[in-house]
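Derivation of every value follows stated rules applied to the coordinates shown; laboratory data play no part. Predicted model, so just to flag it, every value in this text is computed and none were measured. Cβ atoms come from the backbone with ideal geometry, glycine included; neighbour counts cover every protein chain shown.
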Amino acid sequence: MPTPLIPPRQRSAGRRGVAKILAALGGLAVAWGAAPAAAQGKLEAQYEATLAGIPVGKGAWSIDIQDDVFSAAASGGTTGILKSFAGGSGTGASQGRVVNGALVATGYQASTITSKKKEEIRIVLDKGNVKEFGIVPEPPVDADRIVVTDAHRRGVWDPMTASMLRVPGNGDPLSPDACHTGAPVFDGRMRYDLKLDFKRMETVRAEKGYRGPVVVCALYFVPVAGYIPDRPVIKYLAAQRNIEIAFAPVAGTRILVPFWLKVPTPLGPAMLEATSFITAPQPPRVAKTQ
């Protein structure tokens with residue numbers, strides 16, 4: 001890793017800080033308004049995370065959108081040099097109904113495992129409002145943490161459902177208008193807003209699967225509640241103005257999902273990018289006749 005001007009002890013601390021930044025970004029799903037999905041589609045994707053060009057993690061993501069229900073699931077873990085400092089793995093999943101073409105989540109679950117602990121999060125939702133949630137083991141009370149109120153848990157998206165950007169209208173969903181949005185997210189612990197601004201159009205080529213255009217947006221993170229203001233990772237992410245995210249389409253729908261995410265860090269650019277992105281439309285199910 002090209003850090004010759006940083007003493008060894010500072011490099012170690014820096015890597016731990018970057019690990020926290022990457023972990024936080026792993027929990028930052030990209031959330032937006034509930035415009036209708038156009039049809040049904042499916043996605044199977046594989047992602048690789050790199051830091052300054054060095055592989056540090058891998059993950060998988062699957063999405064299945066039917067005419068009346070949907071599900072999404074992701075898994076991943078650290079690899080290579082990062083595993084030595086912040087080894088761990090995690091899974092996340094959401095499911096819900098498709099109502100008048102819109103994705104309406106009813107549940108979200110997430111689990112993370114590191115060398116020090118295992119944590120599980122569960123959220124039950126009803127029309128965008130959190131009805132139940134829990135973290136096991138229950139996190140310790142911290143007087144410096146901004147309290148999440150009942151009001152903060154209304155009109156929100158869970159991280160997994162939120163990661164699917166729904167584009168309204170009848171035109172091409174891959175347009176600058178896709179980036180003119182933002183939304184509130186509750187991940188079981190923290191409430192934050194994510195905002196987008198259009199930057200440019202690009203063409204991507206996965207090693208397997210999708211080859212075509214993506215819309216690139218600037219991504220801004222705004223913490224609202226459930227966080228400790230003095231935490232360096234929160235300050236760092238909130239101050240960033242150079243985070244970029246590229247969205248690609250799920251075939252057969254008006255839903256876009258992240259193809260790559262780029263984040264500047266003290267040790268060089270961090271990037272999460274799809275290596276395999278296989279998507280296909282699904283025909284509506286034929287109703288059974290008596």
* Could you say whether any residue in the range 105-116 is crowded, with 17+ Cβ neighbours inside 10 Å, in contact with a Leu (Cβ under 8 Å, 6 or more places away or on another chain), of a type outside the set (G, A, S) and within 22 Å of A72 (Cα to Cα)? -> yes
* Structure fact -> Considering the range 204-234, residues that are farther than 14 Å from A274 by Cα and among the aromatic types (F, W, Y), and then whichever is surrounded by the fewest Cβ atoms within 10 Å (Cβ to Cβ), we arrive at Y220
* To do: Could you please tell me which pairs satisfy a Cβ distance under 8 Å, a separation of 6+ or placement on different chains, a first residue in the range 55-69 that is surrounded by fewer than 15 Cβ atoms within 10 Å (Cβ to Cβ), and a second residue that is part of a loop (DSSP other than H, G, I, E, B)?
  => P55/T79
* Is there a residue in the range 211-232 that is under 22 Å from E44 (Cα atoms), of a type outside the set (S, T, N, Q) and either in contact with a helix residue (DSSP H, G or I) (Cβ under 9 Å, 6 or more places away or on another chain) or touching a residue at least 60 places away in the same chain (Cβ under 8 Å) (or both)? -> yes
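Can you tell me how many residues in the range 124-145 are more than 17 Å from A225 (Cα to Cα) and surrounded by 13 or more Cβ atoms within 10 Å (Cβ to Cβ)? If you could, list the steps in order and put the result at the bottom.
Quick first cut of the range 124-145, residues more than 17 Å from A225 (Cα to Cα) only: 124-128, 131-132, 136-138.
When the remaining residues are screened for being surrounded by 13 or more Cβ atoms within 10 Å (Cβ to Cβ), the result is 124-125, 128.
Residues in the range 124-145 being more than 17 Å from A225 (Cα to Cα) and surrounded by 13 or more Cβ atoms within 10 Å (Cβ to Cβ): 3 in total.
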* Kindly list, by first and then second residue, each pair from a residue in the range 153-171 that is over 20 Å from W260 (Cβ atoms) to a residue that is in a loop (DSSP other than H, G, I, E, B), limited to pairs with Cβ atoms under 6 Å and residues at least 6 apart or on different chains. => G155/G128; W157/A31; P168/A35
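Sort out which residues of the range 108-127 are of a type in the set (G, A, S) and either without any contact (Cβ under 8 Å) to a residue 40 or more places away in the chain or touching a helix residue (DSSP H, G or I) at 6+ places or on another chain (Cβ under 7 Å) (or both), and write them in order of number.
Step one: filter the range 108-127 for residues of a type in the set (G, A, S), giving 110-111, 115.
Those that are of a type in the set (G, A, S) and either without any contact (Cβ under 8 Å) to a residue 40 or more places away in the chain or touching a helix residue (DSSP H, G or I) at 6+ places or on another chain (Cβ under 7 Å) (or both): S111, S115.
For the range 155-175, which residues satisfy the criterion of being hydroxyl-bearing (S, T, Y) and surrounded by fewer than 21 Cβ atoms within 10 Å (Cβ to Cβ)? Walk me through it before giving the result.
The initial filter retains those residues of the range 155-175 that are hydroxyl-bearing (S, T, Y), namely 161, 163, 175.
Hit for the range 155-175 is S175, nothing else.
Out of the residues in the range 235-263 meeting the condition of being more than 24 Å from R211 (Cβ to Cβ) and without any contact (Cβ under 8 Å) to a residue 40 or more places away in the chain, tell me which one is surrounded by the most Cβ atoms within 10 Å (Cβ to Cβ). Step through it out loud before you land on a result.
Filtering the range 235-263 for residues more than 24 Å from R211 (Cβ to Cβ) gives 235-243, 263.
From what is left, the residues that are without any contact (Cβ under 8 Å) to a residue 40 or more places away in the chain are 235, 238-243.
On the way: K235: 12, A238: 14, A239: 8, Q240: 16, R241: 9, N242: 10, I243: 18.
Looking at residues that are more than 24 Å from R211 (Cβ to Cβ) and without any contact (Cβ under 8 Å) to a residue 40 or more places away in the chain, I get I243.
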* **Which numbered condition V148 fails, given (1) buried (at least 17 other Cβ atoms within 10 Å of the Cβ); (2) without any contact (Cβ under 8 Å) to a residue 40 or more places away in the chain** => (2)
